[in-house]
Amino acid sequence: MLIFRKTFLTISILLSATAFSQHLDSLCMQQLLVVGNMQGFHISPPVFNQATNRQIVELFIDDVDGRNIFLFEPDREKLKSLVNDYSFNDGYCSVIKEVFSIYKIRLKQLDSVVNALEGKPFVYSTKDTITFVSAKGKRFPCRNLNEVRTRIEKRLKYDCLNYIIKPLKEGEDVLKLTEPELTAKQTEAKKRAITRFRKYLENFNTDTKLKRHIGDCMSNAITKRCDPHSSYFNLYEKETWDSGLSTQEYSFGFYVDESETGEIVIAELVPGGPAWKSNELHEGDVLLAFQYEKEKQVELSSLEIQDYYSAFYKSGSKNVELTFRRKDNQIKKVKLQKARIASQENVMNSYILSKGKGRYGYIPIPAFYSDDEMDSRQGCANDVAKEIVKLKQDSIDGLILDLRYNGGGSMKEAMGLGGIFVDEGPLAVFKMKEGKPALLKDLNRGTIYDGPLVVLVNGASASASEFLTATLQDYGRAVIVGSTTYGKGTAQGVYPADTNLYKARGKRYYINPTLGYVKITMGKFYRVTTVSHQGKGIVPDIHIPDMLENTMDTEADEEFYLPCDSVNKKVIFTKAADLPLTELNDWSKKRVEANQKFRDLILFGDSLAKVKEQDTKVPLNVKDFKKYSDGIDRLSEMILECMEMGEETPLDVKNNVFSEKLIAIDEYQRKNNEEAIERIKKDIILHEAFLIVKDLSAILEK
């Protein structure tokens, strides 16, 4: 607490002496504010001593020079030597100023390197390769400018080859191109790669851009040292964060990301949105261009993702045509019209599964969304409740909730979902830095569904989805099946970076948004048993093999994750009668062991896990690179095939009666629904979860 007060005293003195006129000084102030916030609000902040500061600088170096081309090995060692016990009291200014000076020199040197590379043709040798280090592998910084030149040239060749082997029209095969055609494509590829790299360097081509980049990276290093889920937002990132949380917007209904090869790819389709309803776009499709109505087409091959955002969202037009490439290399176009995306009847879907005797409900829940902006206060829990009512009208014998790949969302909605299945009582314990542990309770007596229940999870089920899973498991209300969850038992809040500063000065503060915002891990969730799943995940009652379970990153794989612990709190809750887990487990295990598809899945999954741990060496010539790329495509196809049913009779999948009427009058929904049903039928893991809930229902009927 003494350090905390000392930090605020230092901040107050600096503020009174500085008008933020010099940008570097304001960046140093920014770091002081971030440290103050973390010390004041974080659930378990580290002591900012010399060891911690050194770790922060190491995180900063990796972030500020993500491509390993600006800071040479001697530079990095010098930066680490600048750290001392009191470095946070000057906002890490010595490190920030040193990096700024180095960047100014390197930018001129890199410009010369690019000019030299641009002036000579690339030679694609059969002996030339580029190595990509595994997630846990050691990164090697360059020692001098010659090593940087080699690294940049290899990366540019790699980017060129990614363009060269991709067809520009249907049926094009790079290996069958004539020499003039190949030369033309290589020339165009090099032009695009160089342009793209220059645009990357333009992110730092003014002092303002460069200082902001350095300052934001340092702020993020400070927050990451506290835990992996705390972070710093500049003003633009905060606005993006807010818009991402909103459930109402006029939108085309898709989100993008940047692939490792620098391409703009579809990362997510919003349920009920125009892209989702088109039945044309899919996650992983590569965007090549877009054209708004009555405007020029914008090519994306040479754009950084931030440039894409700037170009795509500046138009006020409601109609756009997207040109994209599917995973099978087909070039397609689709026209989309903006629509208001909000909580609708058809956002949440439910299905009736059957195979032989019995009918079982199935509700996939991809995220816990909230609709607090609506007067009706409706959200995920309300929508799930509606679907359960519809399913009950179809006389279901059991229910499956699918939380696979559900990364969380609104904790309020997770609590609401818990109340659907638990009569009354505490759902979890919540603890912040100050104050006693508090019970989070289900205040509404009664349940909407009290029949046989199975919850399906995997390693990507995190946060709010784990909250719900833990509650249902501890109450004995559901059989949890699948693979161990991610292991995030923390909650975050977003604060203006200068919140503590103005509070410390005893004034009703005005927020200065230019100083940014801090997302802080301010609390931990504990199960009603008072033990946390943080860093460990929730172990299912019945394990269903998942090919990707050993390749998914978990909370425990993150650097500086918070440890698992327990809380001293008396919790009284009424657990349901014991579920027949032994019998269910034995029957499921026998089925899995006898299923050849599951045996193949496990074997393939083990191989993938070993590959993930290895560095990847990629050839830098057209023929071998095409072979490598084709191998990646085949691997993707094999993964999909392994996750699908084999010769065994698939499930019979139908919509509930109520939804069938809505789907019948909406062509978009009808097409998407048919595709969804085909995926559900082939899902081998869901098939086993269905057999488990069927067994559970049969036992409980006796």
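Here is a yes/no grid of residues against (1) in contact (Cβ under 8 Å) with a residue 40 or more places away in the chain; (2) in contact with a strand residue (DSSP E or B) (Cβ under 6 Å, 6 or more places away or on another chain); (3) crowded, with 23+ Cβ neighbours inside 10 Å:
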residue: Ala414; (1), (2), (3): yes, yes, yes
residue: Leu417; (1), (2), (3): yes, no, yes
residue: Lys441; (1), (2), (3): no, yes, no
residue: Gly446; (1), (2), (3): no, no, no
residue: Val454; (1), (2), (3): yes, yes, yes
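If the condition is being under 16 Å from Thr187 (Cα atoms) and either touching a residue at least 40 places away in the same chain (Cβ under 8 Å) or not hydrophobic (A, V, I, L, M, F, W, C) (or both), then segment 98-119 contributes Val114, Asn115, Leu117, Glu118, Gly119. Residues in segment 301-327 that are modelled with pLDDT under 85 and among the hydrophobic types (A, V, I, L, M, F, W, C): Leu303, Ile305, Ala311.
Within segment 45-76, the set of residues being acidic (Asp, Glu) and over 11 Å from Met218 (Cα atoms) comprises Asp65, Glu73, Asp75. Within segment 140-179, the residues that satisfy the criterion of being in contact (Cβ under 8 Å) with a residue 40 or more places away in the chain and loosely packed, with under 10 Cβ neighbours inside 10 Å are Lys169, Glu170. As for segment 558-570, it holds no residue that is of a type in the set (A, V, I, L, M) and loosely packed, with under 12 Cβ neighbours inside 10 Å. More than 24 Å from the chain's Cα centre (by Cα) and under 22 Å from Ala460 (Cβ atoms): does that describe Gly418? Against the criterion (more than 24 Å from the chain's Cα centre (by Cα) and under 22 Å from Ala460 (Cβ atoms)), Gly418 qualifies. Selection over segment 55-75 of residues that are in a helix (DSSP H, G or I), in contact with a helix residue (DSSP H, G or I) (Cβ under 6 Å, 6 or more places away or on another chain) and farther than 20 Å from Lys136 by Cα gives a count of 1.
Given Leu417, Leu401, which one is assigned by TED's automatic domain parsing to the domain that holds Met552, closer than 24 Å to His543 by Cβ and not in a strand (DSSP E or B)?
After ruling out the rest, the residue left standing is Leu417.
Pick from segment 456-469 the residues that are in contact with a Lys or Arg (Cβ under 8 Å, 6 or more places away or on another chain) and not in a loop (DSSP other than H, G, I, E, B): which of them is surrounded by the most Cβ atoms within 10 Å (Cβ to Cβ)?
Val457
Among residues of segment 470-481 that are part of a strand (DSSP E or B), those with a Cβ under 9 angstrom from a residue that is among the hydroxyl-bearing types (Ser, Thr, Tyr), sequence gap 6+ or separate chain, pair up as Ile480/Thr469; Val481/Ser588. Of the set (1) more than 32 Å from the chain's Cα centre (by Cα); (2) modelled with pLDDT under 95, all apply to Val95 but (1).
Cβ-Cβ contacts under 6 Å between residues 6 or more apart (or on different chains), taken from a first residue in segment 63-78 that is within 21 Å of Ser112 (Cβ to Cβ) and outside the structural domain of Lys104 (by TED's automatic domain parsing) to a second residue that is assigned to a helix (DSSP H, G or I) and modelled with pLDDT of 95 or more, are absent. Number of residues in segment 571-585 that are surrounded by fewer than 17 Cβ atoms within 10 Å (Cβ to Cβ), among the β-branched types (Val, Ile, Thr) and in a loop (DSSP other than H, G, I, E, B) equals 2.
Here is the figure for segment 674-694: residues that are in a helix (DSSP H, G or I), touching a residue at least 24 places away in the same chain (Cβ under 8 Å) and either farther than 22 Å from Leu584 by Cα or not β-branched (Val, Ile, Thr) (or both) total 13. Does Ala594 qualify as being within 20 Å of Leu548 (Cα to Cα) and small (Gly, Ala, Ser)? Judged against the criteria, Ala594 is not a match.
Is there a residue being at pLDDT below 95, in contact with a Ser or Thr (Cβ under 8 Å, 6 or more places away or on another chain), assigned to a loop (DSSP other than H, G, I, E, B) and surrounded by fewer than 21 Cβ atoms within 10 Å (Cβ to Cβ) anywhere in segment 497-508? Yes, the conditions are met somewhere in segment 497-508. Taken over segment 622-665, the residue count meeting the criterion of being part of a loop (DSSP other than H, G, I, E, B), among the aliphatic types (A, V, I, L, M) and surrounded by 15 or more Cβ atoms within 10 Å (Cβ to Cβ) is 3. Summed over segment 334-353, residues that are acidic (Asp, Glu) and modelled with pLDDT of 90 or more total 0. The set of residues from segment 112-139 being closer than 16 Å to Ile69 by Cβ and either surrounded by 13 or more Cβ atoms within 10 Å (Cβ to Cβ) or outside the structural domain of Ile194 (by TED's automatic domain parsing) (or both) comprises Val113, Val114, Leu117, Ile130, Val133. Within the bounds of segment 586-605, is there any residue that is of a type in the set (A, V, I, L, M, F, W, C), without any contact (Cβ under 8 Å) to a residue 24 or more places away in the chain and part of a helix (DSSP H, G or I)? Looking through segment 586-605, at least one residue is of a type in the set (A, V, I, L, M, F, W, C), without any contact (Cβ under 8 Å) to a residue 24 or more places away in the chain and part of a helix (DSSP H, G or I).
The values are calculated or read from the model by the stated rules, or taken from the named source; none is laboratory data. Worth saying up front: this structure is predicted, and the values here are computed from it rather than measured. No Cβ is skipped: glycine too gets one built from the backbone with ideal geometry, and neighbour counts run over all protein chains shown.
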